[in-house]
Amino acid sequence: RWWEGRVLWGTIIICSIRITQQAHLWIKEPVLVQRLSHLAIIFAYCCKAHLRGAGIQGASEGGAKLLQKGFISQEELDTISTQSGWQPYYCIDAMRVVISEGLKSNEKQDGWEMNAAQTAMEGTICALANSIGGCIRVRSTG
């Protein structure tokens with residue numbers, strides 16, 4: 001269980017880096033690239049908090065630190081904190097929205113390149129979702 005959790009957490013780190021690299025490659029709007037990068041960081045903090053049985057708003061879970069560094073606004077921190085579902089999945093959904101906006105705004109991409117970019121980025125997002133799901137399973141099986 002320990003090793004499986006370690007591998008899954010490593011996948012979260014690798015895919016968080018990969019989604020940021022993909023954004024730099026395929027999304028030309030700097031604001032959207034930065035937003036996606038911030039969401040990848042927020043996602044990792046939400047995963048950590050969730051696995052500890054807490055929320056990102058908890059005193060030791062990093063929400064205040066992310067706010068202080070400008071990665072998240074107070075409004076978004078409040079929104080994440082009041083999610084009825086799991087907080088990491090808020091970030092997954094938000095990343096998908098940013099990717100969609102970013103790829104649509106890139107007029108220089110032809111249809112094939114846009115589809116390839118979207119497919120690759122969705123694969124990375126799915127790997128993030130599968131990894132946190134696996135971590136939750138490992139944690140819950142005691």
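The values are calculated or read from the model by the stated rules, or taken from the named source; none is laboratory data. As the structure is a computational prediction, the values presented were derived from the model and not from experiment. Using ideal geometry, Cβ is built from the backbone for each residue, glycine included, and neighbour counts are taken over all protein chains shown. For the accessible areas, the whole protein counts, side chains as well, though only heavy atoms, and no ligand, DNA or RNA atoms are used. Shrake-Rupley method; radii C 1.70, N 1.55, O 1.52, S 1.80 Å.
The residue that is surrounded by the fewest Cβ atoms within 10 Å (Cβ to Cβ), counting only those in the stretch 113-142 that are of a type outside the set (A, V, I, L, M) and under 21 Å from L32 (Cβ atoms), is T119. Being open to solvent by 30 Å² or more (accessible area, probe 1.4 Å), out of contact with any Lys or Arg (no Cβ under 7 Å at 6 or more places or on another chain) and under 20 Å from M121 (Cα atoms) is a description that does not apply to Q68. For the stretch 117-135, filtering for residues that are without any contact (Cβ under 8 Å) to a residue 12 or more places away in the chain and touching a Lys or Arg at 6+ places or on another chain (Cβ under 7 Å) leaves 0. Set side by side, the residues K28, K48 differ, and just one is surrounded by fewer than 20 Cβ atoms within 10 Å (Cβ to Cβ) and over 14 Å from the mean Cα position of the chain (by Cα), which is K28. On the given criteria, is G58 loosely packed, with under 13 Cβ neighbours inside 10 Å and in a loop (DSSP other than H, G, I, E, B)? The answer is no for G58.
Does the stretch 87-103 contain any residue that is open to solvent by 70 Å² or more (accessible area, probe 1.4 Å), in contact with a Leu (Cβ under 9 Å, 6 or more places away or on another chain), touching a residue at least 40 places away in the same chain (Cβ under 8 Å) and more than 26 Å from R137 (Cα to Cα)? Yes, the conditions are met somewhere in the stretch 87-103. Evaluating E75 against the criteria (1) at negative phi; (2) part of a loop (DSSP other than H, G, I, E, B) leaves one unmet condition, (2).
Conditions (1) modelled with pLDDT under 90; (2) not hydrophobic (A, V, I, L, M, F, W, C), marked per residue:
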{"position": "E61", "(1), (2)": "no, yes"}
{"position": "Q68", "(1), (2)": "no, yes"}
{"position": "S73", "(1), (2)": "no, yes"}
{"position": "G85", "(1), (2)": "yes, yes"}
{"position": "S105", "(1), (2)": "yes, yes"}
{"position": "K108", "(1), (2)": "yes, yes"}
{"position": "M121", "(1), (2)": "no, no"}
{"position": "T124", "(1), (2)": "no, yes"}
{"position": "T141", "(1), (2)": "yes, yes"}
